[in-house]
1. Tell me yes or no: at least one residue of the range 180-195 is within 30 Å of ARG74 (Cβ to Cβ) and assigned to a strand (DSSP E or B).
2. Filter the range 222-244 down to the residues that are modelled with pLDDT of 90 or more and over 15 Å from LYS186 (Cα atoms) and list them by number.
3. Here is a list of conditions, (1) open to solvent by 10 Å² or more (accessible area, probe 1.4 Å); (2) more than 27 Å from GLY79 (Cβ to Cβ), and SER224 meets all of them except one; can you say which number that is?
4. Any residue at all in the range 230-244 that's touching a strand residue (DSSP E or B) at 6+ places or on another chain (Cβ under 7 Å), within 14 Å of PHE35 (Cβ to Cβ), part of a helix (DSSP H, G or I) and not aliphatic (A, V, I, L, M)?
5. Need pairs with beta-carbon distance below 9 Å; first residue in contact (Cβ under 8 Å) with a residue 24 or more places away in the chain and closer than 22 Å to SER280 by Cα and within the range 154-173, second among the aromatic types (Phe, Trp, Tyr) and crowded, with 20+ Cβ neighbours inside 10 Å; sequence gap 6+ or separate chains.
6. Which condition number does ALA57 fail, the rest of (1) under 22 Å from ARG269 (Cα atoms); (2) free of Cβ contacts under 8 Å to residues at least 40 places away in the same chain being met?
7. Residue check, LYS251 against (1) over 16 Å from GLY167 (Cα atoms); (2) buried (at least 19 other Cβ atoms within 10 Å of the Cβ), all met but one. Which one?
Amino acid sequence: MLISSAYQEIVLPQKDELLIYSGETTFLEELTDDFILFIDSGSGGVEAKKVHFIDGAMRVLHLSPLQGKDGILRPMLGGHIGAARLCLKNRHLEREDYQLQRVLVLPREVNCPSENSTYKSYGIEEKNLSSDYESNKLQLYNFITEEMKKMELLLANCNFEFIIIDGLLNKGLTDSKNQTILGVVKTIKEFYLDTNKHNQLITMKEGFRSRVFLITTSDFPRASWYIRLNGDYTSGYEGIIRVEISLELFKKVGINFINQVSKFLFTIRYLLKDYFRQSSTLLPLLEAERHLYSLFDSPLSLHYFFKNKLKEAGIEPFR
């Protein structure tokens with residue numbers, strides 16, 4: 001969305017390439033069938049009185065560029081980021097906690113506005129930036145994304161029994177022996193099975209999941225599996241999510257839990273067609289995201305907010 005000749009809301013293109021894991025896949029489930037019909041598995045529901053969902057969102061503007069000491073134009077980004085935790089109890093979804101923050105990211109050589117209660121500023125050293133404008137913009141965007149993820153981690157630092165997080169897990173989330181924490185990956189970009197088995201995922205029907213397999217490509221091992229929430233082979237990989245839990249938790253709960261939680265995720269899938277990522281979305285995570293966007297400044301409000309703050313700091317964007 002174009003705000004003016006100087007400000008533009010960022011919509012970064014999704015990468016089309018798929019990262020294929022080249023190592024040998026270890027399956028943790030000894031079955032001959034590639035796909036398992038979990039909704040008819042006889043498993044009961046998830047054995048938890050409350051289920052907590054955590055998701056983040058952000059609205060980022062591309063501000064006018066700054067000219068560095070070397071004469072190279074480099075981007076400034078400003079935005080509103082946040083994270084929310086919702087609780088599902090007795091089929092009722094309510095907000096428990098959330099965090100919001102305006103952020104400004106710009107080259108460190110510029111005198112950054114002092115941090116205050118209305119926003120935080122971050123400087124990126126020029127030596128860590130390249131001469132390619134678009135690459136720098138992506139680097140600053142990723143920096144803001146990491147700040148949003150930190151908010152999610154803060155909300156996940158709680159004593160609740162059952163937590164579902166949008167995105168990948170990390171080791172810091174799985175240290176507790178008494179918590180059940182799941183990561184739900186809605187966009188399939190990195191494939192951990194061999195090419196042939198991933199091509200077979202397209203044929204997986206609604207209500208089916210893949211076999212559980214082991215991921216060892218991070219700092220801690222995870223058990224993972226794919227689920228088709230919506231669509232069929234005509235949808236390609238759309239409608240397929242990947243779920244992951246720590247290997248330690250998997251050894252504790254077993255396959256019956258995998259079927260239980262798969263069935264639970266299937267029941268809370270988003271079915272309306274009014275959202276562009278509907279096919280692979282869970283309703284509570286979407287509600288968390290929508291709640292945050294309702295609290296964010298509008299693009300126009302952000303435009304004037306950062307315009308005034310930059311003016312107060314004596315920063316003149318390149319025209």
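The values are calculated or read from the model by the stated rules, or taken from the named source; none is laboratory data. These numbers were taken from a predicted model, which means no experiment stands behind them. A quick note on method: Cβ atoms are made from the backbone with ideal geometry, for glycine too, and the neighbour counts reach across all protein chains shown. The accessibility values were calculated without ligands, DNA or RNA, using every heavy atom of the protein model including side chains. Shrake-Rupley method; radii C 1.70, N 1.55, O 1.52, S 1.80 Å.
1. Filtering the range 180-195 down to residues within 30 Å of ARG74 (Cβ to Cβ) leaves 187, 189-190.
Narrowing further to those that are assigned to a strand (DSSP E or B): 190.
For the range 180-195, residues within 30 Å of ARG74 (Cβ to Cβ) and assigned to a strand (DSSP E or B): present.
2. ARG222, ALA223
3. Here SER224 clears every test but (1).
4. The answer is no; no qualifying residue exists.
5. ILE163/PHE53; ILE164/PHE53; ILE165/PHE53; ASP166/PHE53
6. Only one criterion is unmet by ALA57, namely (2).
7. (2)
Yes/no per residue for (1) open to solvent by less than 20 Å² (accessible area, probe 1.4 Å); (2) within 20 Å of ARG95 (Cα to Cα); (3) of a type in the set (S, T, N, Q); (4) modelled with pLDDT under 95:
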site: ILE255; (1), (2), (3), (4): no, no, no, yes
site: TYR275; (1), (2), (3), (4): no, no, no, yes
site: SER279; (1), (2), (3), (4): no, no, yes, yes
site: LEU283; (1), (2), (3), (4): no, yes, no, yes
site: PHE306; (1), (2), (3), (4): yes, no, no, yes
site: LEU310; (1), (2), (3), (4): yes, no, no, yes
site: PHE318; (1), (2), (3), (4): no, no, no, yes
